[in-house]
1. Starting at 0 and stepping by 10 Å, how many percent of the alpha carbon pairs of region 165-311 end up in each bin?
2. Once you keep just the Cα pairs under 8 angstrom separated by 6 or more residues, what percentage relative contact order results for the chain?
3. Against the longest principal axis of the chain, how steep is helix 53-64, in degrees 0 to 90 to the nearest 10, with axes from Cα atoms?
4. 222 nm [θ] for the chain, helices only, -39500 (n - 2.57) per DSSP H run of 4+, per residue, to 500?
5. Hey, could you get me the Stokes-Einstein D for region 253-301, Kirkwood radius over alpha-carbon pairs, 4 °C and 1.567 mPa s, rounded to whole µm² s⁻¹?
6. Restricting to the chain, compute how many DSSP beta bridges are antiparallel as a %, nearest 5.
7. Please identify the trypsin sites (Lys or Arg not before Pro) of region 241-327 that satisfy two criteria: DSSP loop assignment and at most 16 other Cβ atoms within 10 Å. Which are they?
8. Provide the net charge surrounding residue 296, with neighbours chosen by a C-beta distance below 13 Å and charges set as Lys +1, Arg +1, Asp -1, Glu -1.
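Values in this text are rule-based calculations from the coordinates and carry no lab data. Everything numeric in this text was worked out from a predicted model, so none of it was measured. Every residue, glycine as well, gets a Cβ built from its backbone with ideal geometry; the counts of neighbours run over all protein chains shown.
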Amino acid sequence: MPALKTSFLLVGHWPQRLHDIGASFFEDLTQASKSDIQFEVLGLSITSLLEKKFDSLIEKWKKQNPFLQLILVCTDDYPAAQFLQLHQKYHFFSVLNSFEGSQLENNLYLALEKAQELRQEQNLERLIQEQNEHLSNLYKDLEDRVEKRTRYLTEARQKLFVTNSRIETFRKTVQSIYEARSVAEIEKQLNDSLNADLKTSWIRILFSPQDEIFQQQVGTKLQFHQLQVPLFSHDRRIGSLFFMRSPQQSFLREETDFLNRLSETVSLALDRLKKIEELGVLKEQWESTFDAILDPVALIDDNYEIIQANKSFQSSNTSSKAKKCFEILFGRTEPCEGCQRGKNFQLKNPASTFQVTSQQIKLDEDKKNAYIHFYKDISENLKMEKQILDSARRAELGTISSSIAHELNNPLGGILTYTQLIKMDLDSRDPIYPDIVEIEKGALRCKDIIQNMLIFTRNPEIDEIQDIDLAEVLQRAFKIMELQTKSLGIEIQLIQPVPVKKFRGHRNLLAQAFKNLLQISLDNMKGDRTQNKILIQMVNTETGTDLFLSPFCEAEKNMNSSQTYSWSLATQIFQEQNAQLEIKTTSSRGSQAKISFSRPVLTS
C-alpha cells in the first residue's frame, strides 16, 4: 500500500485550523515515527527536537525526502548559544515563538515553496547532468568517428547552447511567474520570456471546461500549431496551458518536455493565486458581517485608539480627526468615567446610557493588549423599567387606599346613623340642633370622599358603558383633587354650556383620566405663585364637545417621568372612549390641554 502524502507534518499542539491546508497532526515523535506519511515540511517544538530519538528519525525522514524543511517552535528565553548549535546542526527554515500567530500559515507555505524550489533545482541539476552525459557520449562518438568530428562537435555546441539558454529561460520564467499577481500577469510573463527562445506566437491559460472548447475552436478556425499542456491542482486537472506557433514550426520533443516541466510551476502559481483570492473573499465576508451589526462595536488598544470598528460605531464620528473611542462615540476629550476595559460596565451621558460588554484578546505575538467593546443603548429599557416601578407604586397606593376606604366606611356609617337618630329626637329649636346638623353634613361629606376613593380603586373592567354627563364626571375628579387644591389655595373653575351633551363611555375611567390631567396642571402650578386658578371650559361643537384645561404643560417632552406616565394613561383612556387628547398653545391663555369628544348620545 503506498504511503499517504501530505504537505505538512506537525508534532505538538498546533492549531486545528491547519487541517484546512492539508496538515497532519501528531502529539509526539513516537506517534509520528509510526506513520508512513510522506511530507515536505516538519513542524515541532524545541522539546520534541531535544528527544534522543529525533536524530534517528530526522535522518530517516531526510533519506526519504532530502528537501525536508524544519519549522521550530522555541520560546524567546531559550539559550542563544545552544540554539545556534542546534541551527548549525539541523538548519531550521524558520523559528516561531508560539503555535499561534497571524504569520503561521505564511511560514508554512514559504517552507513548502522552499522544499519545492529545492526539488526543482535538483531537477534542473539532473537535467544538466543528463545533457552533460549526452554530450560526453557525443564526444566519445566523435573520437571514434574522426571523419564526423567537426559536424558532431558543432551539433554538441548547439545543443549545449540551447540547453543553457533553456535553463536560463526557465529560471527567469519561474521567477517572473511567482512575482505575478493574476492569471493575466502570468500569461504576459510567459509570452515575454518564451517568445525569444521558443518563438511562440502567444500563450493562453484556460480553465476547464473552457480549455476543451478553445482547443476545438483553435483547431478548426485558427491557423496555428498548438501545444496543449494540462494544469493540475492536487492531482486534479483544472485547465490547460496553450502554446501557439506558426503552422510552419512544430514543437520538438525537447521543447515539449521543457514546456511540460514549466507547466508544473504554472500550476503551483495558480494554486497560490487561488488561495490568495479565497483569503480575500473570506476577509470581505468577515468585514460585511462585522459592519452588519446594528449596535456599535469597536476593537481598541491600551491607549483607547480604534483598531477597527463597524459602520454603526463610525457613523457617530463627529470629527474626521478623531482616533479614540471616547472621541468618536461621545465627542469627549478624555476617557469616559466608569470605563473598565476587559469587564462589563455602563456608560452614562446626558443623551443616553450604554451597556458595554468588553473582552480582552491578543492580536499579535508581541503580546499587546486589545479589547472588543460591544455598546448596547439601554436608555429606553431603563425608562420603561422606571415607568413599570411607578405603575407598581401607584397600584400599591390604590390597594392601600381601597383598604382604608373600606375600613372607614363601617365607623362612619355608625356615626351617621346615631347622628340622624339624635337629630330625629331633637326639636329644631333646641340649641344643639344646628351642631347636630353640621355633624351630619360632615359625615355625609366624609362618606362622599370615601365613595370617590373607591371609584378610582375599583376594577375598571366592571365599570359599565353608560350615558354619562361630562360635567358630573369632572365634579368627581374635582372632589378627589379637593384636598390638594385647598392646601395650595388653588381654585378649579368649570364653565359649561347649556345644554350639556351626554356621551357613551366608562364613568370611572374618564374620571381617572380627568384627574391625571388636573394633577399635571397642579404640579406645574406649584412653582408659579402668580397663578391660583385652573380653568376648564366646555364648548359644544357640531360633532360633539371640546374641553379646554388651562394652564397646562407646554409640551409632552417637558414632563417628568410621573407626568409622562399620567399623560400616557389619560391618552389611552380617551382614545378608548372615542376622544382625542392634545396640547394646544394660544396667545391669550398660553398652553392648554384640549379633549375632543365626538358622537354624543342623541335625545328626543
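1. 10, 32, 25, 12, 11, 8, 2, 0
2. On the way: 780 pairs, mean separation 32.7, N = 604.
About 5 percent, as a whole number.
3. Computed tilt is about 60 degrees.
4. Working: 16 runs with 308 residues, N = 604.
Helix contribution divided over all residues of the chain: -17500 deg cm²/dmol.
5. On the way: Rh = 14.3 Å.
Using the Kirkwood radius from Cα pairs, D works out to 91 µm²/s.
6. Numbers: 62 of 83 bridges.
Roughly 75 percent of the DSSP beta bridges within the chain come out antiparallel.
7. Working: sites: 245, 253, 261, 272, 274, 275, 283, 311, 321, 323, 324; in loops: 321, 323.
Listed in order of number, the matching sites are 321, 323.
8. Values: positive: 311, 376; negative: 291, 295, 377.
Spelling it out: positives minus negatives among the neighbours equals -1.
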